[in-house]
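The values are calculated or read from the model by the stated rules, or taken from the named source; none is laboratory data. Given the structure is predicted, the values throughout are model-derived calculations rather than measurements. Neighbour counts run over all protein chains shown; Cβ positions are idealised from the backbone, glycine included.
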Amino acid sequence: MSALGKLFSQAPQRGLDLRFFGDFVLEGDAQLKAVAALYGLPAEGIDPDMTLGAFIAQKVGGAPIVGDQVEWNNTHWTVAVMDGNKIGKVGVRFPEGSRPGPGLFL
């Protein structure tokens, strides 16, 4: 259960409207294999031991900044918060009409 709890962000900072970044906001240090399993996303061809933040940074290519977006498995992933040079939080937006997994709807 603690692994599932680790995937989802703590309460957003006051004044920071994370809904702009997607349907859900996940921690950047969540394991990519756990995120893929939670949402039923295929994980072929990726390093499952990579963190979500590292995966997004790799897809962005270069130094990520807040607002950078990538698409993976028909899902939009947006850098929501940076923690120094690492991605701290990632917004997830699913295709219209679908919202797989339990998640925390904002």
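Quick notes on this one:
- Test for Glu96: is it at pLDDT below 95, out of contact with any Phe, Trp or Tyr (no Cβ under 7 Å at 6 or more places or on another chain) and part of a strand (DSSP E or B): no
- From the list Gly103, Gly88, the lone residue that is among the small types (Gly, Ala, Ser) and at pLDDT below 85 is Gly103.
- Whichever residue in segment 10-46 is under 16 Å from Gly67 (Cα atoms) and touching a strand residue (DSSP E or B) at 6+ places or on another chain (Cβ under 6 Å) and, among such residues, is modelled with the lowest pLDDT: Leu18
- If only residues of segment 44-74 that are in a loop (DSSP other than H, G, I, E, B) and of a type in the set (Val, Ile, Thr) are counted, the one that is farthest from Val25 (Cα to Cα) is Ile46.
- Counted residues, segment 23-49 - those being within 11 Å of the chain's Cα centre (by Cα) and more than 22 Å from Val81 (Cα to Cα): 0
- Within segment 23-43, considering residues that are assigned to a loop (DSSP other than H, G, I, E, B) and among the acidic types (Asp, Glu), the one surrounded by the most Cβ atoms within 10 Å (Cβ to Cβ): Asp23
- Where a residue in segment 45-71 is under 14 Å from Gly91 (Cβ atoms) and its partner, wherever it lies, is assigned to a loop (DSSP other than H, G, I, E, B) and of a type in the set (S, T, N, Q), with Cβ under 9 Å and at least six apart: Pro64/Asn85
- Test for Leu52: is it at pLDDT below 90 and touching a helix residue (DSSP H, G or I) at 6+ places or on another chain (Cβ under 8 Å): no
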